[in-house]
Amino acid sequence: MLEVITSTANPRIKAVRGLHRAKERRARGETLIEGPVVFADFLAEGFKPTTVLCTPDDVATIDACHGSNIPFTLVTENVLSVASDTRTPQSPVAVIRTPDPVGLREHDTLVLVDVADPGNVGTMIRTATALGWDVAATGSTADLWSPKVIRAGAGAHSRARLTVLDDPVTSLHEHTLTIVATIVDGGKAPGHSPTPVALLVGSEAHGLSAEMITGSDVQITIPMPGGSESLNAAVAAGITMYAMTDVAGSLEP
């Protein structure tokens with residue numbers, strides 16, 4: 001019979017809970033993934049969690065760990081809720097090594113500039129990955145590997161190409177990417193580009209800085225015949241990436 005941890009003061013639980021803090025994640029080079037869908041996606045992509053906490057009735061996780069030769073620890077629902085970063089946790093809660101950022105390449109790349117909301121960042125990573133785009137972040141953008149961002153990404157992080165840029169305009173020009181800035185009005189309508197682009201998306205509150213817009217090659221605006229002033233940043237990014245990706249078909253017979 002396997003031991004079931006019942007105390008939230010257990011050192012293993014405290015170590016997992018420490019990853020709720022960004023400073024701790026950076027120092028240890030680790031982060032949390034939670035829930036059966038995200039956990040399964042990461043295992044399918046070859047990730048090997050260093051810690052797995054699951055409840056005794058989570059048969060799917062227990063079987064997956066046995067099948068992949070991954071150690072796991074059984075915990076009570078209460079202990080799982082303390083280890084988790086969510087209010088309504090789902091088993092399992094697992095620790096993975098945070099992957100190193102990938103380098104830029106001559107490939108369509110979504111660049112998040114000062115996008116602070118974790119939900120928006122995770123949603124944009126999910127959409128970009130689905131459409132085959134890379135993702136880069138700069139400025140005060142939320143931590144790409146925070147548990148909240150990973151949760152919003154719904155497993156996309158296991159397949160995503162993510163990087164962080166200190167000087168985005170210079171870096172993007174060095175990789176011969178066409179820099180496209182999203183602006184509220186006055187830009188061209190988005191469309192397919194024959195060359196790889198870097199699509200800059202700013203925060204909902206402030207958008208892109210004048211410096212970013214001036215340093216771009218093209219400025220685009222989503223036409224909104226319905227009269228709305230603006231869109232949620234993640235929605236706008238999704239619409240724009242789709243419009244710029246050569247995937248649209250035809251409804252003609």
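Considering the range 8-28 alone, what residues qualify as being part of a loop (DSSP other than H, G, I, E, B) and surrounded by 12 or more Cβ atoms within 10 Å (Cβ to Cβ)? Steps first, please.
Initial filter on the range 8-28 (part of a loop (DSSP other than H, G, I, E, B)): 8-10, 21.
Those that are part of a loop (DSSP other than H, G, I, E, B) and surrounded by 12 or more Cβ atoms within 10 Å (Cβ to Cβ): Thr8, Asn10.
Does at least one position in the range 48-56 carry a residue that is within 30 Å of Leu177 (Cβ to Cβ) and part of a strand (DSSP E or B)? No, the range 48-56 contains no residue that is within 30 Å of Leu177 (Cβ to Cβ) and part of a strand (DSSP E or B). Taken over the range 223-245, the residue count meeting the criterion of being modelled with pLDDT of 75 or more and in a loop (DSSP other than H, G, I, E, B) is 9. Against the list (1) free of Cβ contacts under 8 Å to residues at least 24 places away in the same chain; (2) out of contact with any helix residue (DSSP H, G or I) (no Cβ under 7 Å at 6 or more places or on another chain), the condition Arg97 fails is (1).
For (1) farther than 29 Å from Ile96 by Cα; (2) exposed (fewer than 14 other Cβ atoms within 10 Å of the Cβ); (3) of a type outside the set (Ser, Thr, Tyr), each residue gets a yes or a no:
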site	(1), (2), (3)
Ser158	no, no, no
Asp166	no, yes, yes
Val169	yes, no, yes
Thr178	yes, no, no
Gly187	yes, no, yes
Ala205	yes, yes, yes
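Against the conditions (1) within 21 Å of the chain's Cα centre (by Cα); (2) over 15 Å from His107 (Cα atoms); (3) assigned to a helix (DSSP H, G or I), Ala205 satisfies every one except (3). Residues in the range 135-161 that are among the aliphatic types (A, V, I, L, M) and within 8 Å of the chain's Cα centre (by Cα): Leu144, Val149, Ile150, Ala152, Ala156, Ala160. Just to be sure, is Ala142 outside any helix (DSSP H, G or I) and closer than 21 Å to Asp85 by Cβ? Criteria met by Ala142.
The values are calculated or read from the model by the stated rules, or taken from the named source; none is laboratory data. Worth saying up front: this structure is predicted, and the values here are computed from it rather than measured. Virtual Cβ from ideal backbone geometry, glycine too; neighbours counted across all protein chains shown.
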